[in-house]
Amino acid sequence: MEPILQITHLKKDFGSHQVLSDIDFSVNQGDVVSIIGASGSGKSTLLRCINLLESPTSGDIRFHGESVLDSSIDVPAYRAKVGMVFQSFNLFDNMNVLENCMISPVKILKVPKAEARDRAMMYLDKVGMTSFINAKPRYLSGGQKQRVAIARALAIQPEVLLFDEPTSALDPQMVGEVLDVIGDLAKEGRTMVIVTHEMTFARDVSNRIIFMDEGVICEEGAPEKIFNQPVKDATKAFLQRFWNR
Amino acid sequence: MTSLPSDFLGRVFFILQRYGMSYLRGAGTTLLISLISTLFGCIIGFGVGVVQYLPIEERLPWWKRWLLVLAKGLLKIYVEVFRGTPMMVQSMFIYYGASQLMGINMSMWFAAFFIVSINTGAYMAETVRGGLLSIDNGQTEGALAVGMSPIRAMNYVLIPQALRNIMPQIGNNLIINIKDTCVLSVIGTVELFFASKSVAGTYYTYFESMAIAMVLYLTMTIVASKLLRLWEKKMDGPSSYDLATTDTLAFTSGLLTMAPAKKKERRD
């Protein structure tokens, strides 16, 4: 089976600083891939490259076998197939909750308004936010904002969902509500790539873990393998630090 | 001609009785010119401000980059010239210059709208640019991530937010325009100041006439600022919601209790 996303020899420099060097991995239908690693190891940059929010220096990203770095590719259309949830939510401050979830389906994907509304309500129901549809983002708590952001990403019905540290900006008591939602999505068989510092969550929810260290994929494999029998010293050291925290 | 009353209030009422309509018509003209010119000024300001905000990106083709640099340069000159010279001088310069150099005889109305709009636009351009710069980059990224092109992100997300951010400045500009349209009297626009001065000249009642003008100007500016405040409030949306009671997912954090339990397992 052809992978949905295939990343080959991906490199990203910021000036003379190399953030990613030679990244190779692929995401298949139904995969839940968690990317873990220390801050500054390039996890977020990798995710942002996949969504073309950063343009890679070299290498290739293939979506269903087609290079998205090709100049003929329709970038906004590609991004609409790859949903993204940010650390800082990035809900549109000028729109209420429902409008946030409807704007892209209606204006970009040209879904009829009534259908887009039903769809938005369905996803808002899934994240438990239907009673807040008229609220502007500023009146919501962090956890609520992030759940709306997930509903917004789902509303464009993407093939892959990217999560960029979805709980890092949240108060501890709000982390659970967001992780519960993401866990439910994983059970539905959605294809997801999750950058996270929540190790327990990553272990429970993913079928594959990627450990990144200094811009390279240091170790990759099933959660049991990475968490129970890590091979590389860097992985051991990182996990040791984490469990002792 | 009946003789003027000898006391201040008497004279004010005397003038109002005879020339009340001139004042109202003058005030109406002032209001019309300042409202419409503020609107056009905002449109000009948004156009100029958005262009000034656009980054000159390396990956653009060379001719697009060149065009953008040229446009930015020309617009910069426009802003500097109109911000840096008095509107009274500008109005005479444009009004008489147009007829002398280009043979265009502007109607007085057109000249008035044109001068005030283009002046407001110069001020608004920098305000709009600032309003756009103050928006968090995450808003653009969020818009791009749901499949919007940069232009659509601008239209649906950035401009509406910039508009909200600069509403107080737009109000400020409207109030300045209500007052500053009085300089248009030099090209013969019969706005409130021109009307008041004419009436004053008829009876030599400068103090009384200007007192009436003061009251009318103040009324217009206060009403304008109050209305704009209401509009701002409306843009912000309602602030009270039925919170938490129906939010079944909040505070269901199972993770906090889970993590320490696993910790022991890992250690051995």
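What follows is calculated from the coordinates using simple rules that are stated; it is not laboratory data. Everything numeric here is computed off the predicted structure, so don't read it as measured data. Glycine gets a Cβ as well: all are built from the backbone with ideal geometry, and neighbour counts include every protein chain shown.
Go through the range A:3-18 and give me each residue that's part of a strand (DSSP E or B) and under 20 Å from the mean Cα position of the chain (by Cα).
First, the residues of the range A:3-18 that are part of a strand (DSSP E or B): A:5-14, A:17-18.
Correct list: A:LEU5, A:GLN6, A:ILE7, A:THR8, A:LEU10, A:LYS11, A:LYS12.
When you scan the range A:187-205, how many residues do you find that are in a helix (DSSP H, G or I), within 22 Å of A:SER26 (Cβ to Cβ) and among the hydrophobic types (A, V, I, L, M, F, W, C)? Spell out the reasoning first.
The initial filter retains those residues of the range A:187-205 that are in a helix (DSSP H, G or I), namely A:187, A:199-205.
Those left that are additionally within 22 Å of A:SER26 (Cβ to Cβ): A:202-203, A:205.
If we keep only those that are among the hydrophobic types (A, V, I, L, M, F, W, C) as well, we get A:202, A:205.
The qualifying residues number 2.
Taking the condition of being in a loop (DSSP other than H, G, I, E, B), charged (D, E, K, R) and at the interface with another protein chain (Cβ under 7 Å from one of its Cβ atoms), how many residues in the range A:73-98 meet it?
First pass over the range A:73-98, keeping only residues in a loop (DSSP other than H, G, I, E, B): A:73-74, A:80-81, A:86-96.
From what's left, charged (D, E, K, R): A:74, A:81, A:93.
Next cut, at the interface with another protein chain (Cβ under 7 Å from one of its Cβ atoms) only: A:93.
Qualifying residue count, the range A:73-98: 1.
Mind listing just one residue for me: the one in the range A:52-72 that is among the small types (Gly, Ala, Ser) and at positive phi and, of those, nearest to the other protein chains (Cβ to nearest Cβ)?
Taking the range A:52-72 as the starting set, the residues that turn out to be among the small types (Gly, Ala, Ser) are A:55, A:58-59, A:65, A:67, A:71-72.
Filter again for at positive phi, leaving A:59, A:65.
Values: A:GLY59: 17, A:GLY65: 21 Å.
Applying the filter and picking the extreme gives A:GLY59.
Which is at positive phi, more than 9 Å from every other protein chain (Cβ to nearest Cβ) and out of contact with any strand residue (DSSP E or B) (no Cβ under 6 Å at 6 or more places or on another chain), of A:GLN146, A:GLN157? Lay out the reasoning, then the answer.
Values: A:GLN146 fails: at positive phi.
Result: A:GLN157 is the single residue among A:GLN146, A:GLN157 that is at positive phi, more than 9 Å from every other protein chain (Cβ to nearest Cβ) and out of contact with any strand residue (DSSP E or B) (no Cβ under 6 Å at 6 or more places or on another chain).
In the range A:171-186, how many residues are crowded, with 22+ Cβ neighbours inside 10 Å and part of a loop (DSSP other than H, G, I, E, B)?
Of the residues in the range A:171-186, 0 are crowded, with 22+ Cβ neighbours inside 10 Å and part of a loop (DSSP other than H, G, I, E, B).
May I ask you to say which residue of B:MET88, B:MET106 is assigned to a loop (DSSP other than H, G, I, E, B) and within 18 Å of B:SER37 (Cα to Cα)?
Numbers: B:MET88 fails: assigned to a loop (DSSP other than H, G, I, E, B).
None of the others qualify; the one that does is B:MET106.
Quick one: B:THR181 ticks every box in (1) within 30 Å of B:THR221 (Cβ to Cβ); (2) surrounded by 20 or more Cβ atoms within 10 Å (Cβ to Cβ); (3) within 14 Å of chain A (Cβ to nearest Cβ) bar one, so which box is it?
(3)
Within the range A:154-170, restricting attention to residues that are in a loop (DSSP other than H, G, I, E, B) and of a type in the set (Asp, Glu), which residue is surrounded by the most Cβ atoms within 10 Å (Cβ to Cβ)? Don't jump to the end; show me each part of the working.
Step one: filter the range A:154-170 for residues in a loop (DSSP other than H, G, I, E, B), giving A:156-159, A:165-170.
Of the ones still in play, those that are also of a type in the set (Asp, Glu) are A:159, A:165.
Details: A:GLU159: 16, A:GLU165: 21.
In this case the residue turns out to be A:GLU165.
Each row is one residue, and each column tells you yes or no for (1) among the small types (Gly, Ala, Ser); (2) assigned to a helix (DSSP H, G or I); (3) under 30 Å from A:ILE50 (Cα atoms).
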site	(1), (2), (3)
B:LEU68	no, yes, yes
B:LYS72	no, yes, no
B:LYS76	no, yes, no
B:ALA125	yes, yes, no
B:GLY130	yes, yes, no
B:ARG152	no, yes, yes
B:ALA162	yes, yes, yes
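For A:ASP118, are the conditions met, namely being more than 8 Å from chain B (Cβ to nearest Cβ), surrounded by fewer than 18 Cβ atoms within 10 Å (Cβ to Cβ) and under 26 Å from A:ASP184 (Cβ atoms)? Please lay out each step first, then the result.
Numbers: more than 8 Å from chain B (Cβ to nearest Cβ): yes; surrounded by fewer than 18 Cβ atoms within 10 Å (Cβ to Cβ): yes; under 26 Å from A:ASP184 (Cβ atoms): yes.
Here the answer is yes, as A:ASP118 does meet what is asked.
Quick one: A:ARG138 ticks every box in (1) of a type outside the set (A, V, I, L, M); (2) within 7 Å of chain B (Cβ to nearest Cβ); (3) over 28 Å from A:CYS49 (Cβ atoms) bar one, so which box is it?
It fails just one condition, (2).
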